[in-house]
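The values are calculated or read from the model by the stated rules, or taken from the named source; none is laboratory data. What you are looking at is a predicted structure, and each value in this text was computed from that prediction instead of being measured. Glycine also receives a Cβ, built like all others from the backbone with ideal geometry; neighbour counts cover every protein chain displayed. In case anyone asks, the SASA skips ligands and DNA or RNA and just uses the protein heavy atoms, side chains included. Shrake-Rupley method; radii C 1.70, N 1.55, O 1.52, S 1.80 Å.
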Amino acid sequence: MKDKVVWLTGSRGFIGRPLVSALKQNSCEIRCFTNRPLDESGKDQENDCQYMDYSNSARIKERVENSGVPDILIHMGWGGMTDPGSKVHLEENVEEGKALLNTAFECGVDKFVFIGSMNEYGGRTGALSEDMGPEGRLTNYAKGKIEVAKYGFQRAKELGKVFIHVRPFYVFGPGQRPGSLINDVYCSFKKGDVPELGPCEQFRD
């Protein structure tokens, strides 16, 4: 990864923040992007984040023309994270993911990394492998991730590019969203409190 130029969406998120730090430690040149409106300066102070409309191919191409083609584009930016049933996962998120991926490949990006989710396995239990499809009920969040991933593999094959699909499982660390199970249990333990839990009927291996 040394001296690679990496573009990153979702750099202000829970996984994005430590990923930026790790890439910097590996001497990568990083450019962070968001599709959320910024202040009048057009930049966000955190990670020097710049605005880019992921669904607008012309704007994406403009960014590439102005900044040069990155070696790798890592796409983690995904709206509606706190509501897995929201239609935003099947509409805006899918549209933006496909447009960003397609335009990046057209502009000369050779490697696109898409951060998916273990929710794409649905209700599967037991040992899992990457080639397994989902079983049982799927949230809109999972459906949207699956659709973008399928499109990415298809386009990469057609264009001779590299598409990497990562499906993290429950992640814990600094900056964990309040209300997350492991975070709440850990914080309660540290304070000597009893955590407030639901019926605990869901489980995973």
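Considering only DSSP beta bridges whose two residues both sit in the chain, what percent are antiparallel, to the nearest 5? Write down the numbers at each step before the final one.
Numbers: 2 of 23 bridges.
Here the antiparallel bridges make up roughly 10 percent for the chain.
Using heavy-atom solvent-accessible surface (probe 1.4 Å) with all chains present, what is the largest-first order of Tyr170, Tyr186, Tyr151, Tyr141? Can you show the working numbers first?
Values: Tyr170 160, Tyr186 110, Tyr151 50, Tyr141 25 Å².
Ranked from most to least accessible, the order is Tyr170, Tyr186, Tyr151, Tyr141.
Taking all protein chains as they are arranged and a probe of 1.4 Å, the heavy atoms of Arg59 leave approximately 120 Å² accessible to solvent. Stretching Cys187 away from Ser57 to a fully extended chain increases their span by 42.4 nm, per 0.36 nm per residue minus the current alpha-carbon distance. Placing R0 at 25 angstrom, the Cβ-Cβ distance between Asp3 and Gln50 gives a FRET efficiency of 0.75 after rounding to 0.05.
What number comes out for accessible area per residue over the chain if the probe is 1.4 Å? Units Å², please.
With all protein chains present, the chain gives 60 Å² per residue.
About the Cα centre of the chain, what is the dipole size in debye to 20, counting +1 per Lys and Arg Cβ and -1 per Asp and Glu Cβ, all else neutral?
Working: 27 positive and 29 negative charges, 70 e Å.
I would put it at about 340 debye.
Here the Karplus curve 6.51 cos²θ - 1.76 cosθ + 1.60, taken at θ = phi - 60°, turns the phi angles of the range 9-21 into couplings of 9, x, 5, 9, x, 4, 7, x, 4, x, 5, 4, 4 Hz, with x standing for Gly and Pro. For the chain, the longest principal axis of the alpha carbon atoms and the long axis of helix 140-159 meet at an angle near 30°. Shown in residue order for the range 127-136 are the 3J(HN,Hα) couplings computed by the Karplus curve 6.51 cos²θ - 1.76 cosθ + 1.60 at θ = phi - 60°: 5, 10, 9, 5, 7, 6, x, x, 9, x Hz (x for Gly and Pro).
Here volume of the Cα convex hull per residue in Å³ was computed from the coordinates, and among (i) 152; (ii) 128; (iii) 113 the match is (i). Cross-link partners of Lys61 among lysines, defined as those whose alpha carbon lies under 27 angstrom from its own and excluding same-chain residues fewer than eight positions apart: Lys2, Lys4, Lys24, Lys43, Lys98, Lys111, Lys145, Lys150, Lys157, Lys161. For the range 84-116, the residues whose amide N sits under 19 Å from a probe point set 7 Å from the Cα of Val162 along the beta carbon direction are 101-116. For Met118, the solvent-accessible surface with a 1.4 Å probe is about 10 Å², rounded to the nearest 10. Share of carbon and sulfur in the accessible area of the chain stands at 49%, probe radius 1.4 Å.
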